[in-house]
Amino acid sequence: MSRLLWLAFERPPHPDAVCHPATMDDVLLILEWLESAESRRVHLSEQLRGYLAQQHDITPWSRPAVPCRRESGLYALVPWRMAKWLSHVLPASPGVIERTRRQLERWLQTTSSSPIVNPAFSS
């Protein structure tokens with residue numbers, strides 16, 4: 001069984017609360033985008049928010065993955081919960097981006113069980 005990293009943003013009943021079980025591939029993709037220039041991160045965040053708004057009336061278990069272009073030009077299919085998490089994290093301040101990036105890299109380097117990464121709370 002592969003390891004999972006729980007990506008969390010806010011806590012219920014907050015309307016933006018979301019939690020996604022990320023795989024190692026998800027974490028590598030997120031790191032790629034967190035290391036992008038701020039303008040690219042903000043643009044991607046806006047695209048994700050627009051796509052998520054279109055899916056708002058679809059039941060959560062029926063929502064399709066969000067196609068996102070990687071730096072290589074290839075597309076990655078991003079689960080909607082991860083897309084919602086990214087839509088809030090990508091435009092964050094440089095300090096939050098750096099702290100989140102360090103947490104993700106630390107998780108990749110360890111063999112720990114499933115911790116939670118929530119940009120709103122530092123560890």
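The values are calculated or read from the model by the stated rules, or taken from the named source; none is laboratory data. These numbers come from a predicted model, not from an experiment. When the accessible area is computed, the model is the full protein with side chains, heavy atoms only, and any ligands, DNA or RNA have been set aside. Shrake-Rupley method; radii C 1.70, N 1.55, O 1.52, S 1.80 Å.
Across the accessible surface of the chain, with the other protein chains kept in place and a 1.4 Å probe, carbon and sulfur atoms take up 57 percent.
Considering the chain, its Cα convex hull presents a mean projected area of 7.9 nm². Using only the C-alpha atoms, the convex hull of the range 10-69 corresponds to 117 Å³ per residue. For the chain, the solvent-accessible area works out to 58 Å² per residue, with a probe of 1.4 Å and every protein chain left in place.
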